1. Of Glu11, Glu174, Glu120, which has the largest mean-square fluctuation in a 10 Å C-alpha GNM of the chain?
2. On C-alpha positions alone, give me the angle between the axis of helix 35-45 and the longest principal axis of the chain, in degrees, nearest 10.
3. Once the Cα atoms of helix 96-110 and of the chain are each reduced to a long axis, what angle between those two axes, in degrees from 0 to 90 to the nearest 10, is obtained?
4. Ignoring ligands, DNA and RNA, what percent of the 1.4 Å accessible area of the chain is carbon and sulfur?
5. First measure r as the distance between the Cβ atoms of Ala157 and Ala115, then evaluate 1/(1 + (r/R0)^6) with R0 = 35 Å and state the FRET efficiency to the nearest 0.05.
6. For helix 198-220, report the angle its Cα long axis makes with the longest principal axis of the Cα atoms of the chain; keep it between 0 and 90° and round to the nearest 10°.
7. Counting only the heavy atoms of the protein chains, how much of Tyr89 is accessible to a 1.4 Å probe, in Å² to the nearest 10?
8. Taking a probe of 1.4 Å, how large is the accessible area per residue of the chain, in Å²?
Amino acid sequence: MAPMPTTPSTEDLTDGLLADWTALLHRCAAAEDPEPYGRELLRRWSEPQRRYHTPEHLHAVLRHVDDLAGHAADPDAVRLAAWFHDAVYRPDRSENEERSAALAVRALTAAGLPAARVAEVERLVLLTVTHHPAPGDRDGEVLCDADLAVLGGAPEAYAAYASAVRAEYAFVPEPDFRAGRAAVLRRLLALPALYRTPTARERFTDAARANLTAELGGLEG
């Protein structure tokens with residue numbers, strides 16, 4: 001019998017992410033040592049108010065970006081955007097994406113990356129407000145599909161995701177949470193397409209619509 005896959009320890013996960021970050025910034029010709037800022041980003045992703053938007057989520061999004069990278073115009077810009085897309089996250093605030101984008105501009109400019117790539121990363125992070133890239137926006141399609149891939153998981157994985165989201169909003173009374181969450185689910189279901197890349201569309205669409213519809217039914221029932 002084949003051995004069961006093991007979940008990496010938190011230390012192994014963060015070490016791997018730090019190595020990924022350092023290699024990415026070196027590929028992008030950073031003028032500064034990227035490791036200290038990588039540690040700062042991982043500190044942000046590990047803040048205590050997070051239950052879903054954690055290093056595990058970052059790792060999952062980056063792996064999905066790798067899977068979809070052949071569709072992107074600038075895969076490394078998408079990877080940079082993945083690192084920053086939830087780098088600022090406070091569930092009691094509504095401007096997280098804008099603050100994350102501003103952080104990306106400051107950090108990547110300080111690292112010496114070209115202005116055009118920094119601007120592309122900023123644009124991509126802001127796109128995660130709506131997850132609605134324009135037709136032909138290949139980098140935006142990859143980032144949004146990678147971020148929304150969790151919706152197309154197995155029912156038990158989706159249930160764990162939904163539970164973690166509820167835990168992040170534990171300060172919100174149940175009736176208010178149900179109304180707000182239902183609005184988010186309806187918005188996602190109303191998108192012209194949940195996924196834009198051919199690979200993600202084929203892999204995740206049916207499961208994602210089933211998961212979203214089931215959760216919405218539970219909230220409204």
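1. So, out of Glu11, Glu174, Glu120, the one fluctuating most is Glu11.
2. Long axis of 35-45 versus the principal axis of the chain: about 10 degrees.
3. It is inclined by approximately 10 degrees.
4. Exposed carbon and sulfur together represent 58 percent of the surface.
5. Rounded to the nearest 0.05, the efficiency is 0.35.
6. Taking Cα atoms only, the helix is inclined about 50 degrees.
7. 20
8. Ligands and nucleic acids excluded, the figure is 49 Å² per residue.
The values are calculated or read from the model by the stated rules, or taken from the named source; none is laboratory data. This is a predicted model, so every value here is computed, not measured. Cβ atoms come from the backbone with ideal geometry, glycine included; neighbour counts cover every protein chain shown. In case anyone asks, the SASA skips ligands and DNA or RNA and just uses the protein heavy atoms, side chains included. Shrake-Rupley method; radii C 1.70, N 1.55, O 1.52, S 1.80 Å.
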